[in-house]
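I have placed the structure first, in the form of structure tokens, so that the comments after it can refer back to it.
What follows is calculated from the coordinates using simple rules that are stated; it is not laboratory data. Not measured: the values here are computed from a predicted model. So basically every Cβ, Gly included, is an ideal-geometry build from the backbone, and we count neighbours across all protein chains shown.
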């Protein structure tokens with residue numbers, strides 16, 4: 001189990017890595033730049049790469065088990081040409097930064113079909129991915145879609161939509177791409193992952209069958225919103241409407257082995273000082289709970 005979290009980045013990404021290491025994690029998620037901006041012109045300096053690589057080594061986390069989360073403002077599905085160009089540029093620059101950092105993958109929210117034309121939005125998202133791949137022709141970092149909670153006109157909720165986006169990637173580049181699944185997003189979108197182990201397996205099978213591959217990562221988040229609510233509100237494991245049992249079933253699915261399993265859940269002390277690498281108490285408790293769930297088979 002490569003358990004981790006999007007740890008607090010106060011003090012920079014080396015401090016995020018150190019906090020993860022001190023929390024007993026084997027995986028990590030970070031922002032490479034401030035997520036509320038496009039960051040389409042933001043690079044990464046060699047000294048920052050060196051500090052991050054050193055911090056990962058100290059934490060005992062392999063670079064290939066790190067995910068960078070792209071900026072929230074990127075909407076690669078928009079029909080607005082100016083906004084799309086900035087979003088596509090931001091995604092390409094994120095892919096460049098992350099490849100320079102040497103991480104395993106970049107995950108991003110596909111965006112929304114604000115004009116209601118979902119097929120056209122799917123093609124625009126695929127084109128943004130193609131441009132990012134062309135801008136960074138080499139590297140082991142993968143460009144990974146994340147499923148959405150299904151609110152409004154967002155694209156990427158269903159197995160079919162995720163598969164349709166990935167189908168727009170040339171075969172020669174397909175191995176450099178993939179997708180990941182967020183448990184809160186699945187539940188909020190109406191997929192019954194907390195009903196039974198069998199129902200959860202059917203959901204995961206549907207995504208794997210449609211795309212031709214298993215997920216490259218999971219976001220382990222409980223849900224404040226009800227099944228099918230389309231509410232993207234994360235809660236700590238076992239404290240939301242998904243419940244701990246469903247995470248136990250998931251951790252016993254073969255698709256969760258040897259890939260980053262990242263929590264994006266509330267943390268007790270988000271205002272921690274920049275020079276303080278103390279592990280967050282809620283992160284530590286949640287990692288312990290997840291480990292317990294991996295050791296004991298959950299019942300249906």
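The table below gives the values:
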quantity	calculated
Globularity ratio of the chain, using Cα Rg and 2.2 N^0.38 Å	0.94
Convex hull per residue volume in Å³, alpha carbons only, for region 85-152	83
Gaussian network model of the chain, Cα within-10 Å springs - most flexible of 38, 72, 179	72
Highest to lowest packing among 22-31, 110-119, scored as the average C-beta count within 10 Å	22-31, 110-119
Dimensionless Rg ratio for region 188-284, taking C-alpha atoms and the 2.2 N^0.38 Å reference	1.20
Per-residue [θ]222 nm for the chain (sum of -39500 (n - 2.57) over DSSP H runs n ≥ 4, rounded to 500)	-12000 deg cm²/dmol
Inter-part distance where region 172-203 and region 26-43 are each reduced to a Cα centre, Å	24
Cα convex hull of region 224-281, projected area averaged across orientations, nm²	5.6
Region 1-131 - convex hull of alpha carbons, volume per residue in Å³	105
√(5λ) per eigenvalue of the Cα gyration tensor, region 181-237, largest first, Å	19, 12, 10
Selected from 71, 20, 288 as most flexible by GNM, with the chain as the system and alpha-carbon contacts under 10 Å	288
For region 118-242, alpha-carbon Rg relative to the globular expectation (2.2 N^0.38 Å, N residues)	1.09
Relative contact order computed over the chain (Cα-Cα under 8 Å; 6+ residues apart), in percent	19
Equivalent ellipsoid, region 1-73 (semi-axes from 5 times Cα gyration tensor eigenvalues, Å)	20, 14, 10
Choice from 243, 156, 212 with maximal GNM fluctuation in the chain (Cα, 10 Å cutoff)	212
Cα Rg, Dmax (largest Cα-Cα span) when computed across region 37-111, Å	13.8, 45
